[in-house]
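The values are calculated or read from the model by the stated rules, or taken from the named source; none is laboratory data. What you see is a predicted model, and the numbers here were worked out from it, not measured in a lab. FYI the Cβ positions are ideal-geometry reconstructions off the backbone, even for glycines, and counts take in every protein chain you see.
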Amino acid sequence: MKRLAILIIVFIALLTSCAAPQPAPIPRPEPPAQKAYPEVKGVFIEGTSGGDAETLNWLLAADATSFSYAGQCIDSLATYDNDWNVHLRHLAKPVEISDDGLVYTITIRDDLKWTDGTPVTAEDYVYTLKNLMFSDWLNYTYQTDWQEEVEGETVFVEVELVDETTFVIRRQTADPEFIDNAIYSLTPYPKHIAIKYEGDLEAFTEAEEFNNLTYTGSLGPYRFKEWIRNDKYVVERNPDFYLGQLTGAPYFTEYVTKLFGTSAAMLAALEAGDIHHCGIEPEQVAKFKQMEGIKVYTVPTRAYDLIVYNLRPNGWEGLQNKAVRQALSMSIDKQTFIDQIRYGFADPAFSFIPMPSPWYTEEGVSKFGIGDLYDKEKAKEMLLEAGYGTREGDGSISIHDKDGQPIKLTLVTTTGSKLTEDITLFVKQELGEIGIEVDFKLMPWPTQLRQYMMNKVPGSDQEPNYNNGPDAVSEEPWDMMVLAFNTHPIAPSGSRVFFITDGGLNFWGYSNERVDELFTGVRSKEAIDPEVRKQMYAEISQLIAEDQPADFLSFPRSNSAFQANVEGIDPGMRMGWNYHKWYFAEP
Amino acid sequence: MKRGGLQNYIIRRLFYAFLIAFGVVTITFILLRIGPSSPADKYLANISARTQDPSQVIEAVESRYGLDKPIYEQYFNYLVNLARGDWGWSFSTSMPVIELIKRHWIYSFQLILLSMLFASSLGILIGIYSAVKQYTRTDYIATFFSFIGISIPNFWLGIMLILVFSVQLGWFKTYYDTGLPMFSLANLKALILPVITLGTGMMAGYTRYARSSTLDNLRKDFVKTARAKGLPEHVVIGKHVLRNAILPIITIIMFDLAGVVFGGAYLTEIIFGIPGLGRVSFNAIFANDYPVVITITLIGAMVVLLTNLATDIVYTWLDPRIRYD
């Protein structure tokens with residue numbers, strides 16, 4: 001009976017539950033949204049066919065690879081993304097700059113630690129600058145970044161400790177690009193370790209802590225694991241990475257830089273899936289773009305290639321004449337050069353500031369070698385006007401020197417590069433079409449440096465250097481040289497070494513007083529105003545394009561290939577700015 | 001053979017080796033340091049990238065490594081350090097030279113050793129077999145392939161092997177993995193393609209030498225005598241012919257060994273990414289890292305001298321008629 005009653009109650013309950021409307025669900029608060037970060041997994045292998053680094057003791061380094069290796073384990077104060085936005089790294093807040101542009105107040109994060117747990121303090125930075133980078137005993141390679149000219153004297157900037165996390169840098173002259181050229185890339189050495197080696201160059205050079213980066217603590221996304229010279233550089237994930245505490249970055253367990261002796265072997269490794277990323281040559285891009293499982297990014301670079309004219313007394317005398325230089329540049333077709341030699345992976349160059357730079361301008365810049373200013377007939381007319389030709393009876397112009405002899409120019413280039421050899425042949429062909437013969441000399445780089453770029457005043461006791469004054473000449477005569485230079489896109493004033501009259505790398509003898517003034521101007525108080533600086537750079541570009549001390553050929557673009565499962569990449573000129581956020585996607 | 005005679009011979013050769021070593025160090029040092037190049041030259045490319053005045057940077061680098069001192073002073077300091085067992089500091093790799101050599105010699109050694117074993121054992125066997133079967137189809141096939149082996153450049157062969165066996169078939173990694181344990185099957189497998197690349201040309205050469213040398217000996221009277229005595233053919237070939245035929249081949253193998261140590265393995269190391277002494281020396285030459293170049297040149301010279309000495313000693317064992325007293 002009791003069982004029957006229960007059954008009836010259950011039956012009624014079921015009926016009512018079917019018949020009655022469903023009560024509205026009680027709204028529950030959503031759990032706090034947890035941002036999903038990529039899983040940490042896998043060994044990322046980057047291939048390179050360039051040279052190996054020299055040292056991880058980066059204060060002794062002069063090569064880019066050494067800075068790149070060390071940079072995986074220790075960040076600098078700040079970095080840029082592809083749009084030139086500044087991203088703070090060791091900085092706690094943006095650098096404060098006084099209105100007169102002379103005082104920089106730098107505040108670092110308070111959560112940075114060396115490997116032994118000691119906090120990284122402003123004192124470490126001040127010590128690194130004053131006792132290491134500015135010292136005589138260490139002879140830091142890039143001391144000039146931290147120097148300024150004051151009343152004809154070269155002096156170091158002043159550095160002053162404020163508190164645990166703050167220090168101040170004082171200049172006596174304003175330089176709006178000092179922050180980009182020097183401050184943002186500053187990285188500290190641990191004072192409590194470095195002090196043991198202070199003053200002893202040999203001990204500092206051989207210090208195990210610095211050569212194995214054992215001190216880097218929480219300062220970078222990775223920690224040093226292994227370096228087999230000429231083979232591979234291996235770093236492992238740093239679980240204490242100061243930027244990884246919230247995001248879990250970096251997302252690779254190891255990051256390997258694998259060196260290949262040839263690019264053919266490296267590309268085979270990419271194709272076989274043995275490496276995840278490498279740069280590829282323009283002629284290989286089409287092949288890799290068709291491959292499933294590989295993605296290719298084409299990005300601008302900070303480089304430009306150019307044909308330098310020798311404006312010194314041992315170059316062809318015609319090169320002293322601006323109109324002649326313009327005529328030569330007007331005869332070389334940049335678009336054909338880009339299409340045929342650069343396989344389309346370049347933009348035409350007319351000056352030294354690359355297109356992605358905020359200071360790039362085309363306004364008022366003469367575009368020799370393209371459009372209306374690629375005109376061989378007009379070039380011949382200009383040479384005729386300059387006295388290097390004769391108009392024939394049929395109206396045509398034959399080109400020759402002032403003695404009526406054929407013009408023969410010597411083009412110097414380095415051996416071992418197919419690209420420079422192709423450029424050489426292209427220039428020979430183009431100038432040949434207007435009646436100028438080009439002989440080329442191919443030689444190893446050290447020979448080119450010593451015999452063609454270094455110069456001295458004949459008969460003087462000068463040591464050969466790259467710019468020994470306007471009367472200095474190289475050991476061997478030359479007329480043109482195929483080269484490639486780089487420009488810092490955000491701080492192009494460093495290129496002054498090539499373009500100002502007494503620039504340390506102005507081996508070609510270019511001189512223009514106004515250009516000299518403007519290069520001084522972009523590093524002055526007036527140029528703190530970006531608009532003023534932009535105008536100054538525009539005028540420099542216009543003057544250099546007009547003067548044509550060199551034929552600026554192109555701004556090449558580079559191609560980077562990745563396995564398709566690598567995600568988080570931000571393609572651009574500064575492709576690796578966020579490499580600690582790269583990860584392997586789920587298969 | 002008089003035991004004392006051989007000992008004196010060895011001592012005399014070792015004394016010469018010491019003199020040659022001194023000469024090698026001196027000549028290499030002078031040639032490297034009097035040339036126009038400086039270890040600081042290579043910085044120029046990066047200097048232009050960072051747009052620095054090069055003269056200050058080059059002065060800084062030269063001063064740091066004592067390269068701004070007079071050459072005789074640098075040479076004297078180098079010899080004094082060498083006498084103390086200090087082989088110097090490698091500028092281009094930032095480590096003591098001896099440490100650099102210690103870390104890298106093994107990669108070259110295993111490659112050269114296995115390649116020599118592969119080339120000499122197969123080459124000699126095929127050569128003898130080819131000679132014994134002269135003018136048969138086997139002989140023609142062996143001859144054909146040995147000429148191909150001699151003609152193929154090893155850098156081309158290496159790339160082809162990678163494309164076929166690594167990229168297309170996926171049997172091997174495209175490069176040598178230094179992370180593998182040295183004495184493991186995985187390491188042996190990783191060395192198969194490099195060994196074939198380096199060894200094929202040598203093997204083809206040994207096949208030709210072995211065939212020719214065997215044919216010479218097969219016509220000799222002592223072979224006819226052995227056969228007349230009723231010895232089985234394998235004894236005639238294995239005991240009488242082989243022992244005489246192998247003498248000139250050993251000389252060639254030893255010369256090849258010296259050649260390979262001096263740079264023949266370099267291309268194979270480059271193609272397969274093996275960080276052996278070939279790559280180390282090549283990079284050191286281009287970086288003007290003279291302490292490394294001198295040390296590796298010295299090692300190469302010593303290998304040549306010692307292999308020659310070893311060849312002479314092996315001769316006395318293989319051919320009792322040879323004496324050094």
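Do you know which residues across segment A:211-234 are within 14 Å of another protein chain (Cβ to nearest Cβ) and in a strand (DSSP E or B)?
Of everything in segment A:211-234, those that are within 14 Å of another protein chain (Cβ to nearest Cβ) and in a strand (DSSP E or B) turn out to be A:PHE224, A:LYS225, A:GLU226, A:TRP227, A:ILE228, A:LYS232, A:TYR233, A:VAL234.
Please specify each residue of segment A:554-567 satisfying the condition of being under 26 Å from A:SER357 (Cβ atoms) and either of a type in the set (S, T, N, Q) or surrounded by fewer than 18 Cβ atoms within 10 Å (Cβ to Cβ) (or both).
A:SER554, A:SER558, A:ASN559, A:SER560 - these are the residues of segment A:554-567 that are under 26 Å from A:SER357 (Cβ atoms) and either of a type in the set (S, T, N, Q) or surrounded by fewer than 18 Cβ atoms within 10 Å (Cβ to Cβ) (or both).
Of the conditions (1) surrounded by fewer than 21 Cβ atoms within 10 Å (Cβ to Cβ); (2) more than 22 Å from B:ILE196 (Cα to Cα), B:LEU113 fails just one. Which one is it?
Every condition holds for B:LEU113 apart from (2).
So, in segment B:88-127, exactly how many residues are within 14 Å of chain A (Cβ to nearest Cβ) and of a type in the set (Phe, Trp, Tyr)?
Number of matching residues: 4.
Name the residues in segment A:260-271 that are buried (at least 20 other Cβ atoms within 10 Å of the Cβ) and either in a helix (DSSP H, G or I) or more than 7 Å from chain B (Cβ to nearest Cβ) (or both), would you?
A:ALA265, A:MET266, A:LEU267, A:ALA268, A:ALA269, A:LEU270, A:GLU271
Being closer than 20 Å to B:VAL61 by Cα and surrounded by 17 or more Cβ atoms within 10 Å (Cβ to Cβ) is the filter here, so list the residues in segment B:96-109 that pass it.
B:VAL97
Within segment A:484-504, how many residues are crowded, with 23+ Cβ neighbours inside 10 Å and either within 30 Å of A:LEU425 (Cβ to Cβ) or more than 13 Å from chain B (Cβ to nearest Cβ) (or both)?
5
Taking the stated definitions as given, is A:ILE106 under 23 Å from A:GLY494 (Cβ atoms), surrounded by 21 or more Cβ atoms within 10 Å (Cβ to Cβ), more than 14 Å from chain B (Cβ to nearest Cβ) and at pLDDT 95 or above?
The answer is yes for A:ILE106.
Out of A:LEU138, A:LEU132, A:LEU91, which single residue is modelled with pLDDT under 95 and either buried (at least 21 other Cβ atoms within 10 Å of the Cβ) or within 27 Å of A:HIS580 (Cβ to Cβ) (or both)?
Residue meeting the stated conditions: A:LEU138.
Conditions: (1) farther than 30 Å from A:PRO354 by Cα; (2) in contact with a Gly (Cβ under 9 Å, 6 or more places away or on another chain); (3) surrounded by fewer than 20 Cβ atoms within 10 Å (Cβ to Cβ); (4) of a type outside the set (Asp, Glu). A:PRO119 meets all but one. Number of the miss?
With respect to (1) farther than 30 Å from A:PRO354 by Cα; (2) in contact with a Gly (Cβ under 9 Å, 6 or more places away or on another chain); (3) surrounded by fewer than 20 Cβ atoms within 10 Å (Cβ to Cβ); (4) of a type outside the set (Asp, Glu), A:PRO119 is out only on (2).
Before we move on, is A:THR447 within 23 Å of A:GLN326 (Cα to Cα) and within 14 Å of chain B (Cβ to nearest Cβ)?
no
Please determine, by comparing only the residues of segment B:25-49 that are facing chain A (nearest Cβ under 7 Å) and out of contact with any Leu (no Cβ under 8 Å at 6 or more places or on another chain), which one is modelled with the lowest pLDDT.
That would be B:ALA49.
Would you be able to say whether some residue in segment B:133-148 is within 11 Å of chain A (Cβ to nearest Cβ) and free of Cβ contacts under 8 Å to residues at least 60 places away in the same chain?
No.
Which of (1) among the small types (Gly, Ala, Ser); (2) over 30 Å from the mean Cα position of the chain (by Cα); (3) surrounded by fewer than 21 Cβ atoms within 10 Å (Cβ to Cβ) does A:SER331 not meet, given it meets every other one?
Answer for A:SER331: the failing condition is (3).
Given the conditions (1) of a type outside the set (Gly, Ala, Ser); (2) touching a Pro at 6+ places or on another chain (Cβ under 8 Å); (3) surrounded by fewer than 22 Cβ atoms within 10 Å (Cβ to Cβ); (4) not in a strand (DSSP E or B), and given that A:ASP570 satisfies all but one, which numbered condition is not satisfied?
The failed condition is (2).
Find all pairs meeting these conditions: Cβ atoms under 6 angstrom apart; at least six residues apart or on different chains; first residue within segment B:157-182 and more than 10 Å from chain A (Cβ to nearest Cβ); second residue part of a helix (DSSP H, G or I) and surrounded by fewer than 16 Cβ atoms within 10 Å (Cβ to Cβ).
Pairs that qualify, where the first residue is more than 10 Å from chain A (Cβ to nearest Cβ) and the partner is part of a helix (DSSP H, G or I) and surrounded by fewer than 16 Cβ atoms within 10 Å (Cβ to Cβ), are B:LEU180/B:ALA186.
Answer yes or no as to whether A:ASP479 is touching a Leu at 6+ places or on another chain (Cβ under 7 Å) and among the acidic types (Asp, Glu).
yes
Could you tell me whether segment B:280-294 includes any residue that is within 14 Å of chain A (Cβ to nearest Cβ), under 13 Å from the mean Cα position of the chain (by Cα) and touching a residue at least 24 places away in the same chain (Cβ under 8 Å)?
No, because not a single residue in segment B:280-294 is within 14 Å of chain A (Cβ to nearest Cβ), under 13 Å from the mean Cα position of the chain (by Cα) and touching a residue at least 24 places away in the same chain (Cβ under 8 Å).
Mind listing whichever residues of segment A:175-211 are more than 23 Å from B:ALA60 (Cα to Cα) and touching a strand residue (DSSP E or B) at 6+ places or on another chain (Cβ under 8 Å)?
A:ASP175, A:ILE179, A:TYR184
Which residue, of A:GLU476, A:GLU526, A:GLU463, is closer than 30 Å to A:MET573 by Cα, among the acidic types (Asp, Glu), outside any strand (DSSP E or B) and over 26 Å from the mean Cα position of the chain (by Cα)?
That would be A:GLU526, the only listed residue that is closer than 30 Å to A:MET573 by Cα, among the acidic types (Asp, Glu), outside any strand (DSSP E or B) and over 26 Å from the mean Cα position of the chain (by Cα).
Restricting attention to strands (runs of 3 or more DSSP E) lying wholly within segment A:289-383, give those where 2 or more residues are touching a Leu at 6+ places or on another chain (Cβ under 7 Å), of a type in the set (A, V, I, L, M) and modelled with pLDDT of 95 or more.
Output list reads A:303-309.
Regarding A:GLY416, is this residue in a loop (DSSP other than H, G, I, E, B) and modelled with pLDDT under 90?
Spelling it out, A:GLY416 is indeed in a loop (DSSP other than H, G, I, E, B) and modelled with pLDDT under 90.
I need every pair where a residue in segment A:55-72 that is within 7 Å of chain B (Cβ to nearest Cβ) and polar (S, T, N, Q) has its Cβ under 8 Å from the Cβ of a residue that is surrounded by fewer than 21 Cβ atoms within 10 Å (Cβ to Cβ) and part of a loop (DSSP other than H, G, I, E, B), sequence separation at least 6 or different chains.
Within 8 Å, the pairs are A:ASN57/A:ALA207.
Tell me, please, whether a residue that is within 24 Å of A:GLY416 (Cβ to Cβ), within 14 Å of chain B (Cβ to nearest Cβ), β-branched (Val, Ile, Thr) and under 25 Å from the mean Cα position of the chain (by Cα) can be found in segment A:292-309.
Within segment A:292-309, one or more residues are within 24 Å of A:GLY416 (Cβ to Cβ), within 14 Å of chain B (Cβ to nearest Cβ), β-branched (Val, Ile, Thr) and under 25 Å from the mean Cα position of the chain (by Cα).
Kindly indicate which of A:GLU539, A:GLU531, A:GLU546 is surrounded by fewer than 23 Cβ atoms within 10 Å (Cβ to Cβ), without any contact (Cβ under 8 Å) to a residue 24 or more places away in the chain and not in a loop (DSSP other than H, G, I, E, B).
A:GLU531 is the lone residue from the list that is surrounded by fewer than 23 Cβ atoms within 10 Å (Cβ to Cβ), without any contact (Cβ under 8 Å) to a residue 24 or more places away in the chain and not in a loop (DSSP other than H, G, I, E, B).
Conditions tested, residue by residue: (1) under 27 Å from B:ALA258 (Cα atoms); (2) among the aliphatic types (A, V, I, L, M); (3) in a helix (DSSP H, G or I); (4) modelled with pLDDT under 90.
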| position | (1), (2), (3), (4) |
| --- | --- |
| B:LYS69 | no, no, no, yes |
| B:ILE101 | yes, yes, yes, no |
| B:HIS104 | yes, no, yes, no |
| B:ALA131 | no, yes, yes, no |
| B:GLN134 | no, no, no, yes |
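Test of understanding: among A:GLU236, A:GLU158, A:GLU254, which residue is in contact with a strand residue (DSSP E or B) (Cβ under 6 Å, 6 or more places away or on another chain), modelled with pLDDT of 95 or more and under 30 Å from A:LYS534 (Cα atoms)?
One residue alone meets the criteria, A:GLU158.
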